[in-house]
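The values are calculated or read from the model by the stated rules, or taken from the named source; none is laboratory data. Owing to the predicted nature of the structure, the values given are computational and were not obtained by experimental measurement. Cβ: placed from backbone, ideal geometry, glycine included. Neighbour counts: every protein chain shown. Protein only, heavy atoms only, side chains kept; ligands, DNA and RNA dropped before computing areas. Shrake-Rupley method; radii C 1.70, N 1.55, O 1.52, S 1.80 Å.
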Amino acid sequence: MITNDFWLDRWQTGRIGFHQEGVNPRLIEFWPQLPKNSRVLVPLCGKSHDLIWLAEQGYQVTGVELSPLAVVQFLGDNDLSYETEQQGELKIHTIMGLPLRIIEGDYFHFQEQGFDACYDRAAMIAMPESKRDLYVDHTKARLKADPFVLLVALQHDGTPDTPPFAVNDDFIVNRWGNNIKKIVSENLVETNLQYKERGYDFFEESVWHITPPSAS
Ligand SMILES: C[S@@+](CC[C@H](N)C(=O)[O-])C[C@H]1O[C@@H](n2cnc3c(N)ncnc32)[C@H](O)[C@@H]1O
């Protein structure tokens, strides 16, 4: 069973193979130009460099992360000054000099609404099946009507009961709705030896968009 303690332990023991040293190339390639100051939600953000990249584009970025260690590392590694405020069960870290906040705590306690856009890389696929519906519903409830969404999802032939979880196309379309479109997919086994070495024959990364009608 994947609990919050599972993730806290992953950070405590440094088992964070999901963390990327640079900005995710899919984000740079597929993020559109949104109006400056658009509010962008990054659920389950880890200590991703993608947060800084989005903030540097001029968006109001909010990342939500469970692990205090991830937050400390994010703030320290990027040499960021910040102010912290406790709001209920969540800690709100407001970064100085960048339009960026990191919310420390359980995503399911985060209740703000009205986000224009959402960037999900390795968030939905970190949720076990038992929580996946709830995760998508909770995320949709944070967004305005007709948001922009960039989702990076995975399907693979590895073990089904530990993350990253394989999530099939039907689930994505059923939960996110017919407006979501797969814009690219790639079997990473064909281009990157490490997946074969980790025992996969098939490890497909796919990028999905929901584009607001006004932008299409
Ligand atoms: C697979 S990692 C992805 C991190 C980040 N999106 C990235 O691209 O590097 C999943 C992250 O979700 C966090 N997490 C898991 N459950 C959470 C929850 N209920 N609330 C907030 N964060 C959570 C974990 O601590 C972990 O950092």
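Of 205, 112, 197, all but one fail to be of a type in the set (Asp, Glu) and open to solvent by 60 Å² or more (accessible area, probe 1.4 Å); the exception is 197. Of the set (1) open to solvent by less than 70 Å² (accessible area, probe 1.4 Å); (2) outside any loop (DSSP other than H, G, I, E, B), all apply to residue 85 but (1).
Going through (1) open to solvent by less than 40 Å² (accessible area, probe 1.4 Å); (2) near the ligand (Cβ under 9 Å from one of its atoms); (3) under 20 Å from residue 101 (Cβ atoms) one by one, residue 34 falls short only on (2).
For the range 3-31, residues that are open to solvent by less than 60 Å² (accessible area, probe 1.4 Å) and more than 10 Å from the ligand (Cβ to nearest atom) total 6. Based on this model, can you work out whether residue 84 counts as over 17 Å from residue 45 (Cα atoms), more than 10 Å from the ligand (Cβ to nearest atom) and modelled with pLDDT under 95? Here the answer is no, as residue 84 does not meet what is asked. For residue 44, the criteria (1) under 20 Å from residue 7 (Cβ atoms); (2) open to solvent by 30 Å² or more (accessible area, probe 1.4 Å); (3) in a helix (DSSP H, G or I) hold in every case but one, which is (3). Contact annotation: residue pairs with Cβ atoms under 7 Å, 6 or more positions apart or on different chains, pairing a residue in the range 12-35 that is in contact (Cβ under 8 Å) with a residue 24 or more places away in the chain with a partner that is among the acidic types (Asp, Glu), are 23/50; 24/50; 27/50; 34/116. Among the residues of the range 91-102, those identified as open to solvent by less than 20 Å² (accessible area, probe 1.4 Å) and in contact with a helix residue (DSSP H, G or I) (Cβ under 9 Å, 6 or more places away or on another chain) are 93, 95, 100, 102. Would you pick out the residues in the range 57-79 that are more than 17 Å from residue 116 (Cα to Cα) and either surrounded by 18 or more Cβ atoms within 10 Å (Cβ to Cβ) or touching a residue at least 12 places away in the same chain (Cβ under 8 Å) (or both)? Of everything in the range 57-79, those that are more than 17 Å from residue 116 (Cα to Cα) and either surrounded by 18 or more Cβ atoms within 10 Å (Cβ to Cβ) or touching a residue at least 12 places away in the same chain (Cβ under 8 Å) (or both) turn out to be 65, 66, 67, 68, 69, 70, 71, 73, 74, 75, 77, 78.
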